[in-house]
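Engineer: Questions regarding the structure given below will be posed in turn.
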Amino acid sequence: MNTVAGMGGFVSFAQFIGIIMIVIGVALIFLYIKWKRTIFKIDYAGGNIGFDLRFITEEESHEFQRVLRIYKDLDESNNQAVETIAQNVTTLNKASSVPEKIKEYNELYQQGILTKEEFETQKKRLLNSDSI
């Protein structure tokens, strides 16, 4: 039988290998905890970006999160602003298009392209569509 001299006497070779495996396992766990990388990933429209948190201070992390919130809020407010502008433009187009179209039809009438009856018909049609 193979034996190895130990502190408390002799242990079998299998026991010695078992003890070595336990020591190696504990060492690997220690190294994993010491060297593990806490990486987080941010996805965006163009791809993604990852950060190794070992190289970022807590202050930098908070500042980064604050800036992300600002840009998120700006994006949301820009979307709302674009919707508001689109609604206003639609309203203005409808309001200003009727008088402009009447002017256009009047110019066509003045040039002799439209008859007086055609001009009046188009003008009534535009005024009736505006009141709806």
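Engineer: Looking at segment 54-70, can you tell me whether even one residue there is modelled with pLDDT of 75 or more, on the phi < 0 side of the Ramachandran plot and of a type in the set (Gly, Ala, Ser)? If you could, list the steps in order and put the result at the bottom.
Structural biologist: Applying the first criterion (modelled with pLDDT of 75 or more) to segment 54-70 yields 57-70.
Retained after the next criterion (residues that are on the phi < 0 side of the Ramachandran plot): 57-70.
Next, only the ones that are of a type in the set (Gly, Ala, Ser) stay: 61.
There is at least one residue in segment 54-70 that is modelled with pLDDT of 75 or more, on the phi < 0 side of the Ramachandran plot and of a type in the set (Gly, Ala, Ser).
Engineer: Test Ala86 against the stated conditions and say whether it is surrounded by 10 or more Cβ atoms within 10 Å (Cβ to Cβ), part of a helix (DSSP H, G or I), of a type outside the set (Phe, Trp, Tyr) and at pLDDT 75 or above. Explain how you work it out, then say what you get.
Structural biologist: On the way: surrounded by 10 or more Cβ atoms within 10 Å (Cβ to Cβ): yes; part of a helix (DSSP H, G or I): yes; of a type outside the set (Phe, Trp, Tyr): yes; at pLDDT 75 or above: no.
Taking the combined requirement at face value, the residue does not satisfy it.
Engineer: Working only within segment 1-21, note down all residues that are of a type in the set (Gly, Ala, Ser), modelled with pLDDT of 60 or more and over 60 Å from the mean Cα position of the chain (by Cα).
Structural biologist: Gly9, Ser12
The values are calculated or read from the model by the stated rules, or taken from the named source; none is laboratory data. All figures in this text were calculated on a predicted structure; none of them were measured in a lab. Note: ideal-geometry Cβ built from the backbone for every residue, glycine included; neighbour counts use all protein chains shown.
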